[in-house]
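Derivation of every value follows stated rules applied to the coordinates shown; laboratory data play no part. Please read all numbers here as calculations on a predicted model, not as lab measurements. Methodologically, a virtual Cβ is constructed for each residue, glycine included, from the backbone with ideal geometry; neighbour enumeration extends over all protein chains shown.
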Amino acid sequence: MSWRRRVDTGSDVPTAELPRTAVPLGGGQYRGSAAISLDEHGRLLLADTGGQPLAPAVERAFRREHEPELRQWLQERCAEINGGGDAILHLHLDTPPPDRAVTFTPAPFTEPRPAEPAPREPGLLERMFRGRRERIAAKNQAAGAEYHAALARWEEAKRAHEAAEEQKRRFIEVERLSDPDAMQIYLHEVLTAIPWPRETTVSFQVDDRGASALLDVDLPEIEDLPQQEATVAARGLKLNIHERSEARRRREYAVHVHAVRFRSIGETFAALPGVEDRDALGLLAAPRPRDRAGEGRVHL
């Protein structure tokens with residue numbers, strides 16, 4: 001990934017060492033661009049727009065003048081390499097309590113009410129001529145009719161909005177508590193709104209009585225979790241990158257599997273207080289007898 005920044009060099013940088021793409025600004029000053037990348041060991045690499053490494057004097061000037069921006073860039077690359085490790089391991093910490101009260105706050109109707117036009121009164125001269133008085137009266141009548149039509153449309157839109165909001169309130173505060181169809185719809189909304197750190201699909205079935213729910217979770221594979229860990233070095237502009245051991249990755253995967261289980265079941269109980277029983281199944285890549293790999297279904 002490339003990132004470009006302006007670099008101004010003074011007399012401490014020989015002109016011969018400047019990239020051919022450097023732009024003279026006058027007074028011995030030049031402006032250049034640098035493409036930033038990392039090597040496999042986490043070291044910062046700077047090149048010109050043609051892909052050629054910057055001369056040492058130019059690179060020193062660039063690093064000196066843009067150290068805060070370069071450290072920010074390294075922080076962003078560090079987060080990419082770590083792949084949201086905290087979210088993977090701590091997904092369950094955002095599980096709502098099962099007794100959480102869920103209420104609905106209706107959205108206000110924001111369309112402004114039409115303003116009633118003030119009728120125009122004829123002036124002294126206009127009162128003396130019948131034709132002028134009639135034209136003013138006709139305009140007043142037309143403006144009044146347009147206002148009443150706009151008011152009727154506004155009132156109809158307001159009633160429709162309030163009816164829709166009332167339907168949402170009943171769905172949230174009444175129907176989702178006991179109606180299996182409403183429970184199914186609401187739980188789908190809740191589970192799909194969870195910011196899963198890796199691709200996770202939860203399918204489910206609420207029974208006809210609305211008393212139990214069966215969850216079927218399609219889990220990510222262990223290969224989807226971060227395989228490296230990176231930190232920004234305390235000294236120097238570089239990343240310290242380490243491979244996660246196989247044992248650590250398996251531990252973290254086990255933690256993530258149970259975090260997904262805890263979060264999905266907890267969200268179900270919080271969303272559907274009428275559910276008294278639940279069961280969760282997980283679908284993941286699991287070893288089978290004689291080391292034949294494939295998909296296996298396990299109880300979470």
Expressed as a whole-number percentage, the relative contact order of the range 111-187 with C-alpha contacts under 8 angstrom and at least six residues apart is 27 percent
At 4 °C and 1.567 mPa s, the Stokes-Einstein diffusion coefficient in µm²/s for the range 52-203, with hydrodynamic radius from the Kirkwood sum on alpha carbon pairs, is 54 µm²/s
How big is the range 101-172 on each of its three principal axes, counting only the C-alpha atoms and giving the largest first in Å? 71, 15, 9
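What does the charge add up to near Thr105, with Lys and Arg as +1, Asp and Glu as -1, over the other residues with Cβ less than 12 Å from its Cβ?
Details: positive: Lys168, Arg169; negative: Glu165, Glu173.
Here the charged neighbours net out to 0.
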Can you compute the charge dipole magnitude of the range 106-257 about its Cα centre, using +1 on each Lys and Arg Cβ and -1 on each Asp and Glu Cβ, nothing else charged? Give it in debye, rounded to the nearest 20. 1280 debye
Along each principal axis of its Cα atoms, how long is the range 139-236 end to end? Whole angstroms, biggest number first, please. 78, 57, 18
